[in-house]
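Data block below; observations after.
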Amino acid sequence: MDRLFNSHWFVRVIAFFVALMLFAMVNQDNLGNQPSVLPTISNSSYTLEEVDLQVLYNEDDLVLTDAPATVQVNLSGSRSALAYFQMMRPAYEVFIDANELEEGTHRAQIQYRGFPSELSVSVTPSAATIELQEIQTSSFPVQVDLINADNVEEGYTVGTPIVTPINVDVTDAREWLSYVESAKVFVDMEGADSTIEDEYPVHLYNSDGLELEVESNPNFVTVRVPVTSPNKLVPVSIKRTGELQDGLSIENIELEPGDVTVYGPSDYIENLDSLSGVELDLSEIEETTTVELDVPVPEGAERVEPETISVEVTLGEEEERELSSVPLTIMGTTDDKTAVFQLEQPSSISVMAYGTEEQLDRMSTSDFQAYVDISEVSSGDKEVPIEFNGPQNIRFETEDSDALLTVTDQSE
């Protein structure tokens, strides 16, 4: 055997036959029609299972709601071409071109591209049914579900959650969008002893409370949940007593601070909207000045911080302005209680407004109201005081302080 391999002729013969076989494999399609020392090589086939089916459509206006996910692709051709395809795996695509289709259900031809030209290609099935629906967008308010809200640290209270943004948009097919009922985020309050602020994912639910596999925009929202000891920051309401000297009017009253913190039982704090009882005696003010006023502790509260506030009172020269044809409104009517103006009583009156020039210039007719309140008036012909709602630093007067009305009360 060693002698054979050492023979130049033997090696040349073996090399010739190897080259001949390689040539036959590469050129087997041509060799099939020509005489050869090798047997003819026939065509073969190869099947691609579960090939992804792409649907090309107008994604700006439509959503694909129904289409086959995969198809079967059958390839046939020479063994060398199939072997080359299996080895190189060129980029190919099986698709439906629905770019020109509108909303609705369509039967469309399945196309392909990217396969070697030497191979015959067939797709099973050759056509498919697809459904396109119009894209719609709806906005949903974000609800915050507080988990373990009763398990915060003892003595601490949980405030109203603040969500940013307060609404999220959901964009999808019209049919799928109709299933969305609510958008929620969940915040765990277990052991909380300070304000919680973080980003939380948005979950979408249908009317049965089942979560939907639909995305919102944005997917996350910022939630701030105030957690404080039992107290509340409320605005201070100033009670004015006495009267300014003639010719003076209040230009502005500014409080520092304008809000105070009231501490007390949770049930009391929850119902507290403002702190009243701070009195400002106008008869003691002769010019623009700043006064220190005590802040009383209201009944039911434990303490108030701070205990005093600064009140800056800005005065100006009083001007007057006549307002004509001001409608006179009747307040306090019910289904049983009604009232009408008597014949000699006009339903519109003239009103004199008194204040600084700047205050009067800023006022418009929509800023005030002239009215009579019959809620405590019994049936009959009555003279009811005319009252005014308007800017705090402007006072109103009318020539007749009372209006003449006939009151009817069927409940009496």
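The values are calculated or read from the model by the stated rules, or taken from the named source; none is laboratory data. Here the structure is a predicted model, which means the values were calculated and not measured. Glycine gets a Cβ as well: all are built from the backbone with ideal geometry, and neighbour counts include every protein chain shown.
Being touching a residue at least 40 places away in the same chain (Cβ under 8 Å) and either of a type in the set (F, W, Y) or more than 18 Å from G247 (Cβ to Cβ) (or both) is a property that T356 lacks. When the residues of segment 142-178 are filtered to those that are in a strand (DSSP E or B) and more than 21 Å from the chain's Cα centre (by Cα), which remaining residue is surrounded by the fewest Cβ atoms within 10 Å (Cβ to Cβ)? If we take residues in segment 142-178 being in a strand (DSSP E or B) and more than 21 Å from the chain's Cα centre (by Cα), then I147 is surrounded by the fewest Cβ atoms within 10 Å (Cβ to Cβ). Determine whether V304 is closer than 21 Å to E358 by Cα and either surrounded by 13 or more Cβ atoms within 10 Å (Cβ to Cβ) or in contact with a Phe, Trp or Tyr (Cβ under 9 Å, 6 or more places away or on another chain) (or both). Answer is no for this residue. Check segment 197-211 and report whether any residue there is within 23 Å of the chain's Cα centre (by Cα), under 30 Å from V295 (Cα atoms) and surrounded by 12 or more Cβ atoms within 10 Å (Cβ to Cβ). Within segment 197-211, none of the residues are within 23 Å of the chain's Cα centre (by Cα), under 30 Å from V295 (Cα atoms) and surrounded by 12 or more Cβ atoms within 10 Å (Cβ to Cβ). Within the bounds of segment 237-252, is there any residue that is part of a loop (DSSP other than H, G, I, E, B), small (G, A, S), within 30 Å of D169 (Cβ to Cβ) and in contact with a strand residue (DSSP E or B) (Cβ under 6 Å, 6 or more places away or on another chain)? Taking every residue of segment 237-252 in turn, none turns out to be part of a loop (DSSP other than H, G, I, E, B), small (G, A, S), within 30 Å of D169 (Cβ to Cβ) and in contact with a strand residue (DSSP E or B) (Cβ under 6 Å, 6 or more places away or on another chain). Would you confirm, using the coordinates I've provided, whether D367 is out of contact with any strand residue (DSSP E or B) (no Cβ under 8 Å at 6 or more places or on another chain), on the phi < 0 side of the Ramachandran plot and either charged (D, E, K, R) or surrounded by 15 or more Cβ atoms within 10 Å (Cβ to Cβ) (or both)? In short, yes.
Residue under question is S375, and the condition is that it be modelled with pLDDT of 90 or more and either of a type in the set (F, W, Y) or not assigned by TED's automatic domain parsing to the domain that holds I253 (or both); does it hold?
On the way: modelled with pLDDT of 90 or more: yes; either of a type in the set (F, W, Y) or not assigned by TED's automatic domain parsing to the domain that holds I253 (or both): yes.
Answer is yes for this residue.
Working only within segment 340-351, note down all residues that are exposed (fewer than 14 other Cβ atoms within 10 Å of the Cβ), part of a strand (DSSP E or B) and under 47 Å from the mean Cα position of the chain (by Cα). Hit for segment 340-351 is S348, nothing else.
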